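J.: Handing you this structure, nothing more for now.
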Amino acid sequence: MKRVFSGVKPTGHLTLGNYLGAMRRWSTVDQHRADSLFCVVDLHALTVEHDPGRVRRLSHQAATLLLAAGLDPQVCTVFVQSHVDEHARLSYLLECVATDGEMRRMIQYKEKASAERDRGGSVRLSLLTYPVLMAADILAYGTDEVPVGDDQAQHVELTRDLAVRFNQRYGHTFVVPRATHPEVAARVMNLQEPTSKMGKSDDVGPGIVYLLDEPAVVRKKIMRAVTDSGQDVEYDREARPGVSNLLEILAACEGGNPEALAGVYESYGSLKKDTAEAVVELLRPVQQRHKELCADPAYVEGVLRDGAARAREMARPTVDGAYRAIGLLPPA
Ligand code: AMP
Ligand code: TRP
């Protein structure tokens, strides 16, 4: 059976982008066809300025939302990264295989570091080494496939490079994984700024649909989405980013194809209205289940405890193998 691993960072409230780009497939497809692990990658949330209490709350909320989105702890392993030491243990070894040049070439690092500097802040060293920790997350489990949105493609490519390099230098230790992306909505764009990704942000962004937004808020955000100049509904991500984003969201909700949908609509207004309703219906069961799970925090904690125990067992042999292969003396 294939091994699947993926994760979500508790740096903000989860969005429609997280759901359509990643989480929905984890629950509808991946967990049923593979031996899969889904992780709240809390160590990654420490790479930018953070508030400890908020990270803790968001980690719990993200874990609850993973379950609300349909991950079944009887079928897959749901856990929190910092509960399993193997990630940090392996990350150091991979730092000894990675180069600073390749880290500095990571697009996400360049963007986030320059944004941080523009704000007059300093860049944490962990922001630079973050992709190595991500590689450790993946490689520790002998992962074959990593289901992620488009923005993570470069990080998974780096993970492959590190796995191949380690195996060549020190003997076969890691499975070389590959990224998988959804056919539509692999990069959901901000509704107010359709040339940028819909990312979690600290502000309550009018262009970001959060998974826990009330239906009236979802409708308002989608009805106010920026569309492009021109009248006809056309699917062209370059020339018509706003309308194309709505078509992708609608197609992803309904299981259709954005190009075909473009032919169905004559006005932006009706496209927005249908997209808003489709998103409200998409989120309804997730929000309902989230409410139920919030009433039972002990259940969520139990799932995370069992998940971490299972994950530790799975990761330990591979990470121990890497320690031996790279030349560290095994404890007597
Ligand atoms: P993050 O929020 O960065 O931890 O991302 C968790 C998962 O959601 C990753 O697989 C991302 O690629 C995916 N993701 C995040 N934002 C978007 C987006 N706007 N569109 C599609 N996928 C996304
Ligand atoms: N870097 C990913 C993101 O920002 C989150 C992540 C961390 C991840 N470790 C991972 C995703 C391992 C997949 C596999 O979205």
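The values are calculated or read from the model by the stated rules, or taken from the named source; none is laboratory data. In this text, all values refer to a predicted model and were calculated from it rather than measured experimentally. Glycine also receives a Cβ, built like all others from the backbone with ideal geometry; neighbour counts cover every protein chain displayed.
J.: Which of the residues belonging to the stretch 231-284 are acidic (Asp, Glu) and part of a helix (DSSP H, G or I)?
T.: Passing the criteria: 248, 254, 259, 274, 277, 281.
J.: Give the stretch 132-174 a look and list any residue that's more than 14 Å from ligand 1 (Cβ to nearest atom), among the hydrophobic types (A, V, I, L, M, F, W, C) and buried (at least 16 other Cβ atoms within 10 Å of the Cβ), or say none.
T.: Residues satisfying the conditions are 132, 135, 136, 139, 140, 158, 162, 163, 166, 174.
J.: Looking only at the stretch 68-93, how many residues end up being within 15 Å of the chain's Cα centre (by Cα) and either assigned to a loop (DSSP other than H, G, I, E, B) or not polar (S, T, N, Q) (or both)?
T.: Summing the residues that are within 15 Å of the chain's Cα centre (by Cα) and either assigned to a loop (DSSP other than H, G, I, E, B) or not polar (S, T, N, Q) (or both) in the stretch 68-93 gives 5.
J.: Same structure, new question: Given the criterion away from ligand 1 (no atom under 16 Å from the Cβ) and either out of contact with any strand residue (DSSP E or B) (no Cβ under 6 Å at 6 or more places or on another chain) or closer than 19 Å to residue 178 by Cα (or both), identify the matching residue among 109, 92.
T.: Being away from ligand 1 (no atom under 16 Å from the Cβ) and either out of contact with any strand residue (DSSP E or B) (no Cβ under 6 Å at 6 or more places or on another chain) or closer than 19 Å to residue 178 by Cα (or both) holds for just one of 109, 92, which is 92.
J.: While we're on this one: Quick check: is even one residue across the stretch 18-34 under 23 Å from residue 139 (Cβ atoms), in contact with a Gly (Cβ under 7 Å, 6 or more places away or on another chain) and within 11 Å of ligand 1 (Cβ to nearest atom)?
T.: Checked the stretch 18-34: at least one residue is under 23 Å from residue 139 (Cβ atoms), in contact with a Gly (Cβ under 7 Å, 6 or more places away or on another chain) and within 11 Å of ligand 1 (Cβ to nearest atom).
J.: Please determine, by comparing only the residues of the stretch 147-164 that are of a type outside the set (Lys, Arg) and free of Cβ contacts under 8 Å to residues at least 24 places away in the same chain, which one is farthest from ligand 2 (Cβ to nearest atom).
T.: Ranking the candidates gives 164 first.
J.: Suppose we filter 292, 266, 301 for residues that are at pLDDT below 95 and not polar (S, T, N, Q); which single one remains?
T.: On inspection, the qualifying residue turns out to be 266.
J.: A further question follows. Among the residues of the stretch 126-176, write down those that are farther than 21 Å from residue 2 by Cα and in contact with a strand residue (DSSP E or B) (Cβ under 8 Å, 6 or more places away or on another chain).
T.: Correct list: 151 only.
J.: Which pairs do you get when a residue that is farther than 27 Å from residue 159 by Cα, found in the stretch 179-195, comes within reach of a residue that is part of a loop (DSSP other than H, G, I, E, B) and within 8 Å of ligand 1 (Cβ to nearest atom), reach meaning Cβ atoms under 9 angstrom, with the pair 6+ apart or on two chains?
T.: That search, which allows pairs on different chains as well, returns 190/198; 190/199; 191/198.
J.: Taking into account only those residues within the stretch 90-123 that are touching a residue at least 24 places away in the same chain (Cβ under 8 Å) and of a type in the set (Gly, Ala, Ser), which is surrounded by the fewest Cβ atoms within 10 Å (Cβ to Cβ)?
T.: For the stretch 90-123, the residue satisfying everything is 121.
J.: So, residue 123, is that one more than 13 Å from ligand 2 (Cβ to nearest atom), β-branched (Val, Ile, Thr), in contact with a helix residue (DSSP H, G or I) (Cβ under 9 Å, 6 or more places away or on another chain) and modelled with pLDDT of 95 or more or not?
T.: Here the answer is yes, as residue 123 does meet what is asked.
J.: Quick one: which residue in 186, 179 is in a loop (DSSP other than H, G, I, E, B) and buried (at least 16 other Cβ atoms within 10 Å of the Cβ)?
T.: From the options 186, 179, the qualifying one is 186.
J.: If you don't mind, there's one more thing I want to ask. So residue 63 fits all but one of (1) within 15 Å of ligand 2 (Cβ to nearest atom); (2) farther than 24 Å from residue 295 by Cβ; what number is the exception?
T.: Against the list (1) within 15 Å of ligand 2 (Cβ to nearest atom); (2) farther than 24 Å from residue 295 by Cβ, residue 63 comes up short only on (2).
J.: Further question: Given the conditions (1) over 21 Å from residue 4 (Cβ atoms); (2) within 16 Å of ligand 1 (Cβ to nearest atom); (3) in contact (Cβ under 8 Å) with a residue 24 or more places away in the chain; (4) not small (Gly, Ala, Ser), report the number of the one that residue 87 does not fulfil.
T.: The number of the failed condition is (1).
J.: Further question: Please enumerate the residues belonging to the stretch 189-211 that are of a type in the set (A, V, I, L, M) and buried (at least 16 other Cβ atoms within 10 Å of the Cβ).
T.: Selection gives 189, 191, 198, 208, 209, 211.
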